[in-house]
Amino acid sequence: MTYRKVLLRNGIRLNYIDTNVIISFLNNRDVNHAKAVKVFDNKDQMITSPVTVLEIKSVLSRSTNLSEDEIEAFIDYLPEINVAVPDVNMDKIMNNAIEIAVRIRMKTIGILHISASMVLEADTFVTFDSEFTAKEKEIANFGLRINPG
């Protein structure tokens, strides 16, 4: 994938929202809840991907006693907090992830998130995960800006 400039859609930035930001927003006892609320208070467009949906389901199923229906309710709530999950070609995400993996050198789930945000043409990747901020320069080489919330 080639470098591209930050695109504004009618003056609005397209933000890819990482799993940890969504979970922090939904859990008012989370240490990053206040930061997450600020993320969701802005007027930028917010998207995420099926990678995030998978990760939310995985995290909630392992760390809570929520039922399958209750976990699904979290996913159903994403449009209510203005986070779109656009249809995306997962083969394209996977192929792109394979291409960028050795140049970014992160854990697999992180590479998949970066790849998804690139395929979805996000301008900014919003995360509270320090692994992403530590790789900010490498990620910027692909035209994606990291926003630590």
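What follows is calculated from the coordinates using simple rules that are stated; it is not laboratory data. Only a predicted model underlies this, so the values are computations on that prediction, with no experimental measurement involved. Every residue, glycine among them, receives a Cβ derived from its backbone with ideal geometry; neighbour counts consider all protein chains shown.
Here is how the numbers come out for the structure above:
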| quantity | calculated |
| --- | --- |
| Exposure proxy ranking, count of Cβ atoms within 10 Å, fewest first, for Met106, Met46, Met90 | Met90, Met106, Met46 |
| Within region 47-77, backbone nitrogen closer than 11 Å to the virtual label 7 Å beyond the Cα of Asn27 toward Cβ | 59-65 |
| Neighbour-count order for Thr19, Thr52, Thr108, Thr133, fewest beta carbons within 10 angstrom listed first | Thr108, Thr133, Thr19, Thr52 |
| Read-out semi-axes √(5λ) of the Cα gyration tensor in Å, derived from the coordinates shown; its label in [x] 24, 18, 15; [y] 33, 16, 14; [z] 26, 19, 16 | [x] |
| Among Gly110, Phe40, Gly143 the positive-end extreme of the charge dipole of the chain (Cβ point charges) | Gly143 |
| Reachable lysines from Lys35, criterion Cα separation under 16 angstrom, eight or more residues apart if same chain | Lys43 |
| Arg13, Arg103, Arg145, Arg62 arranged by Cβ crowding within 10 Å, fewest neighbours leading | Arg62, Arg103, Arg145, Arg13 |
